[in-house]
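Encoded as structure tokens, the structure appears first; notes follow it.
The values are calculated or read from the model by the stated rules, or taken from the named source; none is laboratory data. Note that the structure is a prediction, hence the values are computed from the model and not measured. Positions of Cβ are generated from backbone atoms using ideal geometry, with glycine treated the same way; all protein chains shown enter the neighbour counts. Only protein heavy atoms, including side chains, enter the accessible area calculation; ligands, DNA and RNA are left aside. Shrake-Rupley method; radii C 1.70, N 1.55, O 1.52, S 1.80 Å.
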Amino acid sequence: SNTEDNSRLPKEFIQSLKQNYDEKLIKAYMQGQFVNLQYGATYYNFDREKNVKNVFYDKTKPIYVGIDFNIDPLCAVLSQVQPNGKVHIFDEFKLRHTGERQLLTEQMALAIKDKYPNRLYYCYPDPAGKARKTSAVDSDHDILRQAGFVLRVKRQAPRVIDRVNATNKLFDNCIIDPKCKNLIADFEQVVNKEGTRDIDKSNAELTHMSDAFGYFVDYEFPIRKPSTKTFMV
């Protein structure tokens, strides 16, 4: 049955569902259609023709940095939010250990600041970084703060399914520069484990960049689960 046919549900509730879900979720949850969400591409709403366009960095706007603390590589995705709310993803960084003693988190911060000088960097790291130490004293979060990044991070990592749903919805309102090849590869090649909505991480070269972007998306553009209690008497 179609949720919109339920006369007991207020229009505000229906509208809130449409605002928070992408087209595939609307078919599954609102229109009662059979949609297999447990097989195939994780980021099914990504469309290269729609989402990949040239993006220009605006030094007058803050930079939003999503970071995934993988042991190797360390990945970051840089974006800016336009006045109309559209997200422009303009670059990505991927750092690997060279075998020497390195503080990759510190190197990442310096690399970003060197290439894109800015007055304000908002950073959305993996919440696990508050405990993970890449130096004898400081955690990854400490290192980023000391580098001048303003951290926006939840106490716990978001549920994978919530992060993925939020990212799929954001594809309706974002563009990605073609030079972000690793991020685009993730969006096109990352798949779910068969029969689940868990991400298949068997390919060591995939998922890290999209995870990094997902922390930013989940914080700034989360899926808000509407509740009929808000509207029902």
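Measuring with a 1.4 angstrom probe and ignoring ligands and nucleic acids, I223 comes out at about 30 Å² accessible. Computed over the alpha-carbon atoms, the stretch 67-221 gives an Rg to Rh ratio of 0.94, Rh here being the Kirkwood radius from the mean inverse distance.
Peptides 188-201, 73-86, 209-222 ranked from most to least packed by the mean count of surrounding Cβ atoms within 10 Å: 209-222, 73-86, 188-201.
For the stretch 147-210, the Kirkwood radius over C-alpha pairs fed into Stokes-Einstein at 20 °C and 1.002 mPa s yields D = 157 µm² per second.
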